[in-house]
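The values are calculated or read from the model by the stated rules, or taken from the named source; none is laboratory data. All values derive from a computational prediction rather than experimental measurement. FYI the Cβ positions are ideal-geometry reconstructions off the backbone, even for glycines, and counts take in every protein chain you see.
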Amino acid sequence: GSEALCADAVLLRGFASAEDKAVLDAVKRVVADAPFRRMTTPGGFRMSVAMTNCGPLGWVTDRRGYRYAAVDSDSGKPWPAMPQVLQSLAGRAAEAAGFADFVPDACLINRYEPGARMSLHQDKDEQDFGQPIVSVSLGLPAVFLFGGLRREDKALRVQLLHGDVVVWGGTARLRYHGIAPLKNGSHPLTDDCRINLTFRKAA
Ligand code: MD3
Ligand code: FE
């Protein structure tokens with residue numbers, strides 16, 4: 001089923017369920033070349049979420065700021081190529097939400113262990129806010145916080161479950177959003193964590 005979270009945000013419940021193992025296998029291959037790491041914010045805080053990337057560009061943060069980079073500074077090598085199964089899933093999800101021809105050049109992979117969270121923020125490091133963002137949730141459930149265009153706007157809480165895919169475009173693209181601290185749990189496919197993949201056209 002598909003439901004509107006708000007204008008221009010479509011939740012595709014279970015859209016990735018049938019290919020969950022293939023997606024997690026692809027994540028394993030990426031992580032073998034570019035391990036998860038906890039990055040530092042420009043303000044000097046270490047993020048609780050561990051991250052890696054695949055595709056031509058990867059989202060990174062350090063004391064110098066937030067940006068997209070072609071090279072993984074931990075390895076000195078380009079980020080691993082985006083596995084076809086991931087690229088294809090993102091394109092089909094965007095299409096199902098009404099965005100034809102979505103070709104992401106960046107896939108950020110977030111790993112949440114119990115207690116990890118992501119505070120309210122906007123995604124604005126990309127060049128073209130007319131491009132949608134596709135996110136895929138796997139493993140433990142999370143409470144997604146979905147605010148408005150101003151940080152002060154009250155945030156809705158929505159559960160994101162294993163296999164859920166959300167497509168954010170148009171007026172939803174610049175909404176504040178975050179993830180509440182992950183609760184303990186166990187999931188048969190993910191070693192007691194939540195994995196989120198976020199596909200973007202960054203450049
Ligand atoms: C709403 N990740 O990596 S995905 C992020 O679950 C990020 O790891 C969260 O926010 C996670 O930047 C949320 C859902 C998401 C992604 C991008 C959005 C929601 C969004 C961009 C605009 C509005
Ligand atoms: Fe975000």
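Brief remarks follow.
- Of the candidates Asp123, Asp105, Asp153, the single residue that is more than 21 Å from Leu24 (Cα to Cα), more than 9 Å from ligand 1 (Cβ to nearest atom), at pLDDT 95 or above and among the acidic types (Asp, Glu) is Asp153.
- Residue in the stretch 169-179 that is basic (Lys, Arg) and in contact with a strand residue (DSSP E or B) (Cβ under 6 Å, 6 or more places away or on another chain) present: no
- Contacts under 9 angstrom Cβ, first residue in the stretch 118-135 being under 14 Å from Phe199 (Cα atoms) and among the hydroxyl-bearing types (Ser, Thr, Tyr), partner more than 9 Å from ligand 2 (Cβ to nearest atom) and in a loop (DSSP other than H, G, I, E, B), 6 or more apart: Ser135/Asp164
- The stretch 161-189 - residue that is charged (D, E, K, R) and more than 17 Å from Glu3 (Cβ to Cβ) and, of those, nearest to ligand 2 (Cβ to nearest atom): Arg173
- Note on the stretch 142-158: residues that are touching a residue at least 60 places away in the same chain (Cβ under 8 Å) and within 13 Å of ligand 2 (Cβ to nearest atom) amount to 1.
- Top-ranked residue of the stretch 98-120 - restricted to ones that are assigned to a loop (DSSP other than H, G, I, E, B) and charged (D, E, K, R), ranked as nearest to Pro35 (Cα to Cα): Glu113
- Against the list (1) of a type outside the set (S, T, N, Q); (2) more than 23 Å from Leu12 (Cα to Cα); (3) within 12 Å of ligand 1 (Cβ to nearest atom), the condition Tyr112 fails is (2).
- Summed over the stretch 110-136, the residues that are within 13 Å of ligand 2 (Cβ to nearest atom) and within 10 Å of the chain's Cα centre (by Cα) give a count of 4.
- Screening the stretch 1-91 for strands (runs of 3 or more DSSP E) wholly inside it with 1 or more residues that are modelled with pLDDT of 95 or more and out of contact with any Leu (no Cβ under 9 Å at 6 or more places or on another chain) returns the ranges 9-12, 50-54, 58-62, 65-69.
- Number of positions in the stretch 26-51 that are out of contact with any Asp or Glu (no Cβ under 8 Å at 6 or more places or on another chain), more than 16 Å from ligand 2 (Cβ to nearest atom) and without any contact (Cβ under 8 Å) to a residue 60 or more places away in the chain: 9
- Counted residues, the stretch 159-189 - those being surrounded by 19 or more Cβ atoms within 10 Å (Cβ to Cβ) and either among the hydrophobic types (A, V, I, L, M, F, W, C) or in contact (Cβ under 8 Å) with a residue 60 or more places away in the chain (or both): 14
- Odd one out for Gly163 among (1) modelled with pLDDT under 95; (2) at positive phi: (1)
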